[in-house]
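Presented below is the structure to which this report refers.
The values are calculated or read from the model by the stated rules, or taken from the named source; none is laboratory data. These numbers come from a predicted model, not from an experiment. Cβ: placed from backbone, ideal geometry, glycine included. Neighbour counts: every protein chain shown. Keep in mind that these areas ignore ligands, DNA and RNA; they rest on the heavy atoms of the full protein, side chains included. Shrake-Rupley method; radii C 1.70, N 1.55, O 1.52, S 1.80 Å.
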Amino acid sequence: MRVIGLMSGTSYDAIDAAAADLRLDGDSLVLRPLGMVGDVYGAEVREALAAALPPAATTLAEVCRLDTLVGQAFAAAALRADRELCDGRAELVASHGQTVYHWTDGGQVRGTLQLGQPAWIAEATGLPVVADFRPRDIAAGGQGAPLVSLFDLLWLRGRPGSPVALNLGGIANLTAPDGTAFDTGPAGALIDAAVRHFTGRAYDTDGALAARGNVHEPLLRRLLDEPYYALPAPKTTGKELFHRDYLLAALAAPADPDVPTARATTAPPGTAAAAAAATTPAAPADIGTLAHQDVIATLTRLTARTVADAVRSVHATEVVASGGGTRNPVLMAMLAEELPGVPLHTSDALGLPSAAKEAYAFAVLGFLTLHGLAGTDPRSTGARHASVLGSVTPGRDGLPRVSRGLKQPVRLVIE
């Protein structure tokens, strides 16, 4: 079955559309990647999302408007993917939508909201659409995230040691072989917020700003005091917590003048250049007067440190990374430095393009839903049981005929 997976993460910069040929072969789910296309959100949608996301206030009228605009943008991406990747022969669309709020209360997730009305996708493509994946797991007592964990467990099963799948999007999440899965904290969320605030750009291209800055230890120490990092798994977070105002509040307090800053580096860990950069202090500075490059360097180190702490907590022997953060060489160098002796590579090395992994994961989840198969592992989300995820919007010809009574796959094979 040819399935298009649609994904837009917490960075809300673009829609990734990945197409896959999926089939069940015994106890294996076989995925043949057909490629990925990316559609950048138009300025109107991007600005509307930025204005509506936490901590901003919004109205129901704006939520309704965004639900339509995002749905139409996803529909355009699906049409393009069907035309360019599937020769017009796609059979199903799986749409994650755009997360705008993830409601947590005392460590328990109470609800979640993804916009992007699937009716627009079904109408434009004529294909059935699986959407709204997260609420069913939450209704079963789970966190509703990270939903890629089942994909990761199937995909990495059989690899030696204890491999961990890591996604570096706006928020970072990982999946360990025992089913433990959780959001580690911000990946690009605070970095992007700082870049937008100080420069007006969307993100730190190639880590260039971080590379020119110094890691400011007082600010880093203050940010590491965030209680979220000490919470036990399963746990999830998002821009409801890690946003621009959160960062500005941290910058507003006085610094400890006795803690020096350390210079950021893109030099390979273990080299003389890296050692010299790490031990050469810069002049102390008040947090409120830091150069923006220093703030961005510090936030990049924060991501590397909190991800590494999480990786160590699950005793990983290998890290397979994906997501937009893998394109930031400063972040990847810092992460390697924080995890000496733990091999770190991207999912491309295992046959899955790192930029498209989450879109492929939702293609898999949509395929499972259509066949009546569970899309969660309760060990990962904390739910009472595994669940068939999502809601299905029929296509022009209703729903495709599929075999029922199939066995749940135990591994994912990339063909």
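Please find, within region 19-44, the residue that is farthest from Val3 (Cα to Cα) out of those that are part of a strand (DSSP E or B) and open to solvent by 60 Å² or more (accessible area, probe 1.4 Å). It would help to see each step written out before you state the result.
Filtering region 19-44 down to residues part of a strand (DSSP E or B) leaves 19-25, 28-40.
Now narrow it down to the ones that are open to solvent by 60 Å² or more (accessible area, probe 1.4 Å): 23, 25, 32, 36, 40.
Values: Arg23: 10, Asp25: 17, Arg32: 10, Met36: 12, Val40: 21 Å.
My answer is Val40.
I'd like to know if region 94-109 contains one or more residues that are among the charged types (D, E, K, R), over 22 Å from Arg401 (Cα atoms) and at pLDDT below 95. Spell out the reasoning first.
Looking only at region 94-109, we keep the residues that are among the charged types (D, E, K, R), and these are 105.
Cutting the leftovers down to over 22 Å from Arg401 (Cα atoms) gives us 105.
Narrowing the set further to residues that are at pLDDT below 95 leaves 105.
Yes; the residues of region 94-109 include at least one that is among the charged types (D, E, K, R), over 22 Å from Arg401 (Cα atoms) and at pLDDT below 95.
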Does region 169-207 hold any residues that are closer than 30 Å to Arg379 by Cβ, touching a Gly at 6+ places or on another chain (Cβ under 9 Å) and part of a loop (DSSP other than H, G, I, E, B), and which are they?
Gly169, Gly170, Pro177, Ala187, Gly188
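Could you tell me whether Val63 is at pLDDT 95 or above, over 25 Å from Leu370 (Cα atoms) and not in a strand (DSSP E or B)? Let's see the steps before the verdict.
Details: at pLDDT 95 or above: yes; over 25 Å from Leu370 (Cα atoms): yes; not in a strand (DSSP E or B): yes.
So Val63 fits the description; yes.
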Just one listed residue, out of Ala124, Ala119, is of a type in the set (A, V, I, L, M), surrounded by 17 or more Cβ atoms within 10 Å (Cβ to Cβ) and out of contact with any Lys or Arg (no Cβ under 8 Å at 6 or more places or on another chain), and it is Ala124
So Asp27 passes all but one of these: (1) over 26 Å from Leu241 (Cβ atoms); (2) without any contact (Cβ under 8 Å) to a residue 40 or more places away in the chain. Which condition number does it fail?
(2)
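Can you pull out the residues in region 129-151 that are touching a Pro at 6+ places or on another chain (Cβ under 6 Å) and part of a strand (DSSP E or B)? Show your work before the answer.
As a first pass, look at region 129-151 and keep what is touching a Pro at 6+ places or on another chain (Cβ under 6 Å): 129, 131, 143.
If the condition is that a residue be touching a Pro at 6+ places or on another chain (Cβ under 6 Å) and part of a strand (DSSP E or B), then Val129, Ala131 are the ones that fit.
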When Val195 is run through (1) without any contact (Cβ under 8 Å) to a residue 24 or more places away in the chain; (2) open to solvent by less than 20 Å² (accessible area, probe 1.4 Å), the failure sits at (1)
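Let me confirm something: among Arg196, Arg212, which residue is more than 18 Å from Leu168 (Cα to Cα) and at pLDDT below 95? Reasoning before the result, please.
Values: Arg212 fails: at pLDDT below 95.
Sole residue among the options that is more than 18 Å from Leu168 (Cα to Cα) and at pLDDT below 95: Arg196.
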